[in-house]
Each structure stands twice: as C-alpha cells, then as structure tokens.
1. Exactly one of these conditions fails for residue 78: (1) on the phi > 0 side of the Ramachandran plot; (2) at pLDDT 90 or above. Give me its number.
2. Filter region 259-283 for residues that are modelled with pLDDT of 75 or more, touching a strand residue (DSSP E or B) at 6+ places or on another chain (Cβ under 8 Å) and either surrounded by fewer than 18 Cβ atoms within 10 Å (Cβ to Cβ) or in a strand (DSSP E or B) (or both) and give the result.
3. Would you confirm, using the coordinates I've provided, whether residue 39 is closer than 30 Å to residue 136 by Cα and modelled with pLDDT of 85 or more?
4. What number of residues in region 183-209 are surrounded by 14 or more Cβ atoms within 10 Å (Cβ to Cβ), more than 19 Å from the chain's Cα centre (by Cα) and at pLDDT 75 or above?
5. Residues 114, 140, 90: which one is modelled with pLDDT under 90, in contact with a strand residue (DSSP E or B) (Cβ under 6 Å, 6 or more places away or on another chain) and surrounded by fewer than 19 Cβ atoms within 10 Å (Cβ to Cβ)?
6. Would you confirm, using the coordinates I've provided, whether residue 153 is buried (at least 22 other Cβ atoms within 10 Å of the Cβ), assigned by TED's automatic domain parsing to the domain that holds residue 70, within 21 Å of residue 222 (Cα to Cα) and at pLDDT 85 or above?
7. For residues that are in a helix (DSSP H, G or I) and surrounded by 10 or more Cβ atoms within 10 Å (Cβ to Cβ), scanning just region 58-75, find the one that is farthest from the chain's Cα centre (by Cα).
8. As an exercise: evaluate residue 52 against (1) in a helix (DSSP H, G or I); (2) at pLDDT below 90; (3) touching a strand residue (DSSP E or B) at 6+ places or on another chain (Cβ under 9 Å) and give the number of the one condition it does not meet.
C-alpha cells in the first residue's frame, strides 16, 4: 500500500524540488551545447568537399569510368549500376540523371525480371538514355515471368538505337525481334535449337552489322552473313558449322568455341580471313588440327594469326609444324576467354 503519511508526502515534495533543479541544470547545459554546436555547423556548411567543386562535366566523366566499359551492360541495380550514383547526394543524382551515356547499356537478367519494378526501371533507363546508341543484354528467364517479355518489348520500341545486343531468348520472345536496326554493329544470339523461331527481320534490316555470335545453334540465315567481318560459332558441330562459313565471305576474324568441325571445309570462301581462334571444350586433338589445316587450304585464306586455347594433346611444336603458312601460331592453356559485346574475346588476341 502507498504510504500517505505526512512524512512521506514531505519527502516526495522535497524530491520533486531536487528533480526540477536538476532539469533546469540540464536544460541550461543543453542550451550551452546548442550555442557551441551552431558555429561548428556553420563552418561545416561553408566547407566545400573537393569532389563537389569539380565541374559537372568532369564528375560525369568519372561516373562513366566507374560504370562497366561500354558496350558492357550495367545491371539495373547494385554496385555497378548508375542507380547507385543517384543515392549519394542531390548534386550527384542530378549529374547522373542528366547524363544519357550513364543509361545506355542495360542488362536485363533473369533475377531482375522477377521483380515487379523492373519494367518501370527499364522505361526510366530508356528515357534517360536520350538519343544515345544502346547496348542491350537480355538473359533468358526460365521462370515463366512476363516482366522480362514486357521489358524486351520496351527496349524493342527503341530498336533504331540498338548498337550492340546479346539475346538469350526462348522461341516466343525471339519472335518479337522484328523491324530494321540501322545502328546494330554486333549481335550475340543464344537460342534453344528445339524451339528456335526466326525473328521477323530480313538481312536488309542490319546495314551496319559486322560482328555476330551464334550460340548453341547456327541458324543465321536471317542475318547478313556476307557483310560480317567477325563471326563466333559456339557449340556448333559437324557439317552445321559449314553453312554460315560458306555465306560469310568477308570474314577477317573467326572464333570457333567448342565446335567439332568435319575434316573438310568451304572452298575458296574465306579469302579475307586473317585471324582464327579455336577454343576446345575438351582436349585439342590432331583431328581438330587437321580440320583447321583443311579449312585453311580449302578456303583460300592467308591467315596471319591462329590461337588455340583450352587443353591440348598436341604440342605447340606440332601445331606450328602443321601450320607452316601461318606466321603466328600460339597456344594458351587458360580458360579465361569470354566474349564481350562489340569487342570479341577478352583475352586471346585481344580483339
């Protein structure tokens, strides 16, 4: 029970007086601290961080170098996305948003396609990219989500600005590819051979196309193969690999990635071929070397460089002896080749 005696009430009154006095002391201390804080804050507000004082043009150039090198694509979110630059401060956001080059290379991955906001983000990037040529990388989505299809449709509305494209699409989405792409210079196509559908395009829709990668299949008859200077065939086997070679008469660079070619080749069609790269997923055997020598002799080309990469059962000396007409024959055991849109392979000959 509460003690309501006269002594207890007197004690409470005394305690309240003490507490009030302590509150007044604390309030006075807070007032003094506010007075001390104000000039400190004024000095900080007047300070200009060196990076903030840079001209907007310099800051924008730094941003461009922070992002993946064009035409490599930035993810829609994450550390290497230009969206990250908009989260630092208002000035950086204004610069990033106002620079179309920051938004010209879009990577639409399968994980991103399952988020509800991806379509809005894609539209935002396309708007911010202004009139810049575009680099598009669309990864195949096996989840059945519709957002990736909607995002692809959004990018296709700007197909006249496509400069580099990597498309890993199911048949129903591949069928959406249609119409002229006057700026397209490089194209990488990965499809499922069983459900492949030709895009609704013609060879005349790609007047500037010079570099093509056909991944998993060699269905390239809808492409202007005769105007290509660089061709990559990935996982194409047997006589199938001959069809695009017979049409690509102006090739200067040819990459055969994990392709098993027959021991014969096109006759007098690759007369301009200068560089050949052969990447073997399995061991490079003598039959592969025979295929290459046959390709050289029958195509009429005068190769300047040839690079074998992967594992090999053939010594470098044997490779050079088998290809005496080629000035530079090299073998690289590393597996660190990979295709970069618009620039060929990262390593190897560094094209």
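The values are calculated or read from the model by the stated rules, or taken from the named source; none is laboratory data. In this text, all values refer to a predicted model and were calculated from it rather than measured experimentally. Every residue, glycine among them, receives a Cβ derived from its backbone with ideal geometry; neighbour counts consider all protein chains shown.
1. It fails just one condition, (2).
2. So the first thing to find is which residues in region 259-283 are modelled with pLDDT of 75 or more, and the list is 269-279.
From what's left, touching a strand residue (DSSP E or B) at 6+ places or on another chain (Cβ under 8 Å): 270, 273-279.
The answer is 274, 275, 276, 277, 278, 279.
3. Working: closer than 30 Å to residue 136 by Cα: no; modelled with pLDDT of 85 or more: yes.
When the stated conditions are applied, residue 39 does not pass them.
4. So the count comes out to 5.
5. On the way: 114 fails: in contact with a strand residue (DSSP E or B) (Cβ under 6 Å, 6 or more places away or on another chain); 90 fails: in contact with a strand residue (DSSP E or B) (Cβ under 6 Å, 6 or more places away or on another chain).
Sole residue among the options that is modelled with pLDDT under 90, in contact with a strand residue (DSSP E or B) (Cβ under 6 Å, 6 or more places away or on another chain) and surrounded by fewer than 19 Cβ atoms within 10 Å (Cβ to Cβ): 140.
6. Numbers: buried (at least 22 other Cβ atoms within 10 Å of the Cβ): no; assigned by TED's automatic domain parsing to the domain that holds residue 70: yes; within 21 Å of residue 222 (Cα to Cα): yes; at pLDDT 85 or above: yes.
So residue 153 does not fit the description; no.
7. Let us first name the residues in region 58-75 that are in a helix (DSSP H, G or I), namely 58-66.
Retained after the next criterion (residues that are surrounded by 10 or more Cβ atoms within 10 Å (Cβ to Cβ)): 58-64, 66.
Working: 58: 24, 59: 23, 60: 20, 61: 19, 62: 19, 63: 17, 64: 14, 66: 14 Å.
So the residue we want is 58.
8. Result: residue 52 passes all but (3).
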